[in-house]
Amino acid sequence: MAKINVLNGGITINFANSIKVLKAIHMSLKKYQSILKIFAILSVLSGFLFAQETIYSSENQLDINNASLEEIQGLPVSADLAQRIYNRLTYRGDFKNIYDLRKIEGIDQALFNTLKPLIRVEPFRELSSTQQRIEDVYYQLDRWSGNEGTNDAFIDLWIEKILEPLNVNSARYDELINLQNISPVDAVAIINYRNDTGGIRGQRDLRGIPGLSYYGYSNASNFVDYSESALIDEEKFHGHITVRMDNTPFMTEEGDVNQEIGLGLTNLSSAFYQGVNTQPNQYIKSRFTYDQKYKFGFSFNRYLGEPVYYYKDTQIPKMKFFAGVENIKWGDIELRKAYLGNYSVTFGQGVIMENTDFFVPRKSGFGFRKRFNGITGDNSQTREFALRGIAAEVGYKNFSATGFVSYNDRDAILNKQVNDSTLGNSFSQFIILDQRFRYAPDDASRLPDQSDLPWLDAVTELTYGGHLQYDFMPGTWLGLTYYESAYNRYLDPNPEEITADDNWTARQVTTDTEIKQSYGGPISRGTNPFWDDAVSFRRIYGFDFQATIENLALMGEYGELDKGGNFFKMGDDPKALVLSAYLQYPSFNMLALYRNYDVGYDNPYQRSFSNYRRFKGTIFEDYYYLESALYGQLYTNAAQPQAEEGFYLNSFYQISRELTTRFEYDNWTRNADKANQYRLVGTLDYRPVFPLQIQLRQKWQARDEENDITLRYFKSLEFRGRIRARLSNFNDMTLFYANGKTLVHPRPRVFGDIVLDGEAFGAGMTHNFNNNLKLSASLFHYQGFFWNFEDTQFVVMESTRGALRYWLSLYMRLNSFVSMRMKYTGDFQQPVQNIVFDPNTVERVRKHQNLFYLEFNYNF
């Protein structure tokens with residue numbers, strides 16, 4: 001053993017121990033060499049990005065008349081002098097020749113001689129009105145373009161109003177409320193101000209409107225103009241086109257199920273699955289406007305590995321399309337909207353009618369949980385509950401009426417038992433499919449060689465209805481809503497035909513009451529006066545209201561499912577109710593909401609507020625009990641809310657310029673089994689200095705916390721922290737950390753309480769090379785369950801042993817009209833080792849994912 005003693009310093013170096021330490025370090029570095037390589041690459045890349053400087057020369061001259069402030073700052077001049085040059089161009093016009101530079105204070109002959117070879121003077125290129133509007137809000141188009149399918153109606157409207165602004169002095173309440181972050185109080189404040197003063201003359205007037213929040217003003221200013229003459233556009237034809245492709249897998253358990261049964265990215269050998277391929281998710285949508293009144297558009301959507309379905313006797317793929325007209329007046333009568341083809345409809349709080357395939361938890365109608373109200377052309381990714389036919393809205397003074405008729409096919413699970421030989425098999429449940437194959441591939445009893453019961457387009461539905469509304473004053477109204485659906489098959493919910501073996505009869509769980517009380521059976525039998533093929537029906541009716549008083553908005557909606565009760569007697573049929581109040585001040589707002597849905601209120605078009613989707617906790621959630629594992633999509637893709645009763649509170653308070661807080665509390669009871677639950681979230685946003693932002697978020701959630709013996713018990717804690725540094729040119733760097741812990745009671749097959757831990761940490765960055773090129777990236781490690789926003793995508797991931805994930809996104813504006821986004825994601829799971837029967841044999845399982853996302857946008 002070799003030792004070196006330094007007496008004066010009191011230091012002893014043990015070479016043997018040092019060698020052991022070095023070997024350990026070497027092994028650690030070798031183990032994580034892939035991670036270190038990625039860090040090194042990102043470090044070099046970041047250094048390259050942030051070290052970039054704009055350098056001009058006689059070969060690369062700056063076009064001074066068309067330069068931005070950032071480009072002028074790239075010249076060898078001080079920041080103050082660059083600002084003076086920019087101000088000179090902005091307020092006094094472009095330079096006539098290079099010698100105009102000498103007229104600017106601070107540029108002497110020596111500096112002029114330095115700048116002269118670096119600058120050229122070209123005529124100013126004037127932008128069209130459309131180009132100028134796009135340039136003013138290009139960052140918004142960047143954010144909206146990649147939004148997922150749940151908000152397509154809003155995104156389409158907002159892009160349209162960017163290209164064709166709304167006249168704020170003639171806009172109706174329903175037009176203002178659908179704009180981004182405009183609350184009922186904001187919309188009423190705008191209307192009252194213009195009525196009291198005779199009009200809003202410009203942005204300065206808009207900013208000074210009493211009762212209009214800062215967020216309401218800053219967002220409204222993007223979409224409005226202030227006179228009819230300002231809206232006269234030499235370019236009458238506007239529109240936008242989006243093309244999106246990616247291979248992102250499904251976020252829920254169906255992803256694993258699909259791989260298990262051979263549906264992931266593999267070809268199926270069965271004859272009736274011909275056309276299945278490995279092509280990625282594809283989504284093409286468009287919306288066009290002519291003369292601000294005439295609308296038309298189309299969309300095509302296909303998910304990962306799906307076959308393509310064509311119109312009969314053609315090679316034209318099936319798609320959505322619509323044509324419409326808006327704002328046609330004949331005196332006091334106004335045709336506000338009329339659409340032919342595919343359209344979407346939403347009324348009130350979503351209790352009676354909102355036709356989307358997507359469930360959004362806690363959809364309150366405010367902030368990020370806003371819903372589009374009224375009718376519009378539909379080019380969204382909704383497929384199961386898409387409406388196809390005709391819809392129109394007519395207004396007369398304070399009265400408005402909306403009507404719609406739809407005739408379309410629905411995917412559904414058919415019962416094997418035949419009710420009537422002339423009508424064929426009845427259907428049990430509608431189902432929203434991730435991948436629309438003709439049959440459920442692992443349910444042999446329904447395949448062509450057995451009973452031949454496809455689930456694709458299995459039921460034809462005729463739906464019609466309407467909404468009548470009277471406005472007492474801006475933001476205050478009373479409305480009545482009604483719709484009826486008729487089906488060409490009997491509706492007989494039969495869980496025994498969906499569950500495998502005797503699982504339904506053997507399982508005695510109170511939450512399955514939600515399945516047992518599904519609408520159907522003899523009560524649903526009936527004909528329809530408009531359709532001879534109808535043999536069953538569903539009828540929903542109710543009312544909604546709103547009253548806006550200064551800075552307070554009160555609203556609600558009530559609906560009933562007709563099961564033979566008295567039409568004029570409330571509550572004798574299954575019902576649903578939502579009541580809410582919204583209070584707004586300049587630095588504070590609060591939303592209070594109450595909801596109560598009967599278990600028997602089975603309305604497939606209900607999308608009102610709830611924490612969980614329908615069939616939560618039922619046997620449909622446990623796909624291994626079902627005839628087909630893919631029948632689990634009855635729960636995982638359910639768009640209806642769970643039957644629950646509860647009270648929700650949400651508030652925002654800006655304590656000071658540096659400190660803001662958000663508070664969210666929900667306490668509810670699941671009506672199927674009376675399980676009590678709560679969810680509490682607190683968020684703190686602190687900016688000690690402007691460039692630095694610190695965000696802390698803590699969530700507490702539990703079910704049946706006081707019932708220590710039930711298997712329904714669970715308790716969850718989640719913390720998230722983020723530090724964000726805002727750099728120059730809208731660049732930023734972010735560090736984040738997340739930690740979660742969930743405790744559940746033991747199941748019959750597991751001993752002891754189960755603790756599910758989750759943890760994630762990492763970093764991200766955004767670098768804007770200029771207004772036309774942006775790079776975003778993130779690198780993080782996670783273990784357990786983790787959700788995250790990655791650029792424009794929301795992703796959910798899980799890893800039992802831990803995983804390293806990174807993504808790079810490049811956004812480019814090729815010109816004022818065309819942009820594209822490219823994103824690559826890598827996900828590397830830690831290897832799992834399983835010792836099998838032979839102790840000398842080790843099976844190593846490693847999961848790697850390489851994902852891409854590609855998007856093109858054309859706005860004109």
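Quick look at the values:
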read-out: Candidate set from the stretch 663-687 (those that are surrounded by 15 or more Cβ atoms within 10 Å (Cβ to Cβ) and charged (D, E, K, R)); member that is nearest to F368 (Cα to Cα); value: E664
read-out: Filter result (modelled with pLDDT of 85 or more and exposed (fewer than 15 other Cβ atoms within 10 Å of the Cβ)) within the stretch 222-256; value: F237
read-out: Residue within the stretch 610-624 that is over 24 Å from P495 (Cα atoms), out of contact with any strand residue (DSSP E or B) (no Cβ under 9 Å at 6 or more places or on another chain) and surrounded by fewer than 18 Cβ atoms within 10 Å (Cβ to Cβ) present; value: no
read-out: Residues (part of a helix (DSSP H, G or I) and open to solvent by 30 Å² or more (accessible area, probe 1.4 Å)) located in the stretch 94-110; value: Y99, R102, K103, Q109, A110
read-out: Residue match in the stretch 789-800 (condition: closer than 24 Å to N857 by Cβ and at pLDDT 90 or above); value: no
read-out: Sole exception among (1) in contact with a Ser or Thr (Cβ under 8 Å, 6 or more places away or on another chain); (2) surrounded by fewer than 20 Cβ atoms within 10 Å (Cβ to Cβ); (3) outside any strand (DSSP E or B) for R489, by number; value: (2)
read-out: Residue within the stretch 505-516 that is charged (D, E, K, R), within 31 Å of the chain's Cα centre (by Cα) and closer than 30 Å to F399 by Cα present; value: no
read-out: From V168, V188, residue being surrounded by 21 or more Cβ atoms within 10 Å (Cβ to Cβ), of a type outside the set (S, T, Y) and more than 22 Å from F588 (Cα to Cα); value: V168
read-out: Selection within the stretch 498-518 - at pLDDT below 90, open to solvent by less than 40 Å² (accessible area, probe 1.4 Å) and in contact with a strand residue (DSSP E or B) (Cβ under 9 Å, 6 or more places away or on another chain); value: A500, N503, T511
read-out: Whichever residue in the stretch 67-93 is open to solvent by 60 Å² or more (accessible area, probe 1.4 Å) and among the charged types (D, E, K, R) and, among such residues, is nearest to L727 (Cα to Cα); value: E70
read-out: Among (1) more than 22 Å from Q349 (Cα to Cα); (2) of a type in the set (S, T, Y); (3) part of a strand (DSSP E or B), the one test that Y631 misses; value: (3)
read-out: Unmet criterion (only one of (1) small (G, A, S); (2) open to solvent by 40 Å² or more (accessible area, probe 1.4 Å); (3) farther than 20 Å from Y665 by Cα) for S587; value: (3)
read-out: Y601 without any contact (Cβ under 8 Å) to a residue 60 or more places away in the chain and outside any loop (DSSP other than H, G, I, E, B); value: no
read-out: Restricting the stretch 841-860 to residues that are of a type in the set (A, V, I, L, M) and exposed (fewer than 13 other Cβ atoms within 10 Å of the Cβ), the residue that is modelled with the highest pLDDT; value: V845
read-out: Scan of the stretch 371-413 for residues that are in contact with a helix residue (DSSP H, G or I) (Cβ under 7 Å, 6 or more places away or on another chain), of a type outside the set (G, A, S) and closer than 25 Å to P184 by Cα, ordered by number; value: F372, N373, T376
read-out: Residue list for the stretch 801-829, filter: open to solvent by 20 Å² or more (accessible area, probe 1.4 Å), out of contact with any Ser or Thr (no Cβ under 7 Å at 6 or more places or on another chain), at pLDDT 90 or above and not hydrophobic (A, V, I, L, M, F, W, C); value: Y824
read-out: Criterion violated by Y310 - all others in (1) open to solvent by less than 40 Å² (accessible area, probe 1.4 Å); (2) over 25 Å from the mean Cα position of the chain (by Cα); (3) more than 25 Å from Y483 (Cβ to Cβ) satisfied; value: (1)
read-out: Scan of the stretch 689-713 for residues that are at pLDDT below 80 and either in contact with a Ser or Thr (Cβ under 6 Å, 6 or more places away or on another chain) or open to solvent by less than 50 Å² (accessible area, probe 1.4 Å) (or both), ordered by number; value: T710
read-out: Qualifying helices (runs of 4 or more DSSP H) (wholly inside the stretch 31-93; at least 1 residues being modelled with pLDDT of 85 or more); value: 69-72, 79-92
read-out: Cross-chain or 6+ apart pairs with Cβ under 9 Å, the stretch 759-778 first and without any contact (Cβ under 8 Å) to a residue 60 or more places away in the chain, then outside any strand (DSSP E or B) and open to solvent by less than 20 Å² (accessible area, probe 1.4 Å); value: T766/N731; N768/N731
read-out: Residue pairs meeting the criteria (Cβ under 6 Å; at least 6 apart or on separate chains; first outside any helix (DSSP H, G or I), in the stretch 216-230; second modelled with pLDDT under 75); value: D225/L231
read-out: Hey, N181 modelled with pLDDT under 70, outside any helix (DSSP H, G or I) and over 15 Å from Y226 (Cα atoms) or not; value: no
read-out: Qualifying residue in the stretch 460-479 (condition: surrounded by fewer than 19 Cβ atoms within 10 Å (Cβ to Cβ) and more than 30 Å from F399 (Cα to Cα)); value: yes
read-out: Residue satisfying all of: in the stretch 550-570; under 32 Å from the mean Cα position of the chain (by Cα) and without any contact (Cβ under 8 Å) to a residue 60 or more places away in the chain; farthest from I182 (Cα to Cα) among these; value: L561
read-out: Subset tally (residues that are among the basic types (K, R), part of a strand (DSSP E or B) and under 22 Å from F288 (Cβ atoms)) for the stretch 303-334; value: 1
read-out: Test: K569 is touching an Asp or Glu at 6+ places or on another chain (Cβ under 8 Å) and open to solvent by 50 Å² or more (accessible area, probe 1.4 Å); value: no
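A quick yes/no check of all residues on (1) of a type in the set (D, E, K, R); (2) farther than 30 Å from Q469 by Cβ; (3) touching a residue at least 24 places away in the same chain (Cβ under 8 Å); (4) open to solvent by less than 30 Å² (accessible area, probe 1.4 Å):
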site	(1), (2), (3), (4)
V405	no, no, yes, no
D411	yes, yes, yes, yes
L414	no, yes, yes, yes
Q429	no, yes, yes, yes
R436	yes, yes, yes, no
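The values are calculated or read from the model by the stated rules, or taken from the named source; none is laboratory data. This one's a predicted model, so the numbers in the text were calculated from it and none came from an experiment. So basically every Cβ, Gly included, is an ideal-geometry build from the backbone, and we count neighbours across all protein chains shown. Accessible surface areas use protein heavy atoms only, side chains included; no ligands, DNA or RNA. Shrake-Rupley method; radii C 1.70, N 1.55, O 1.52, S 1.80 Å.
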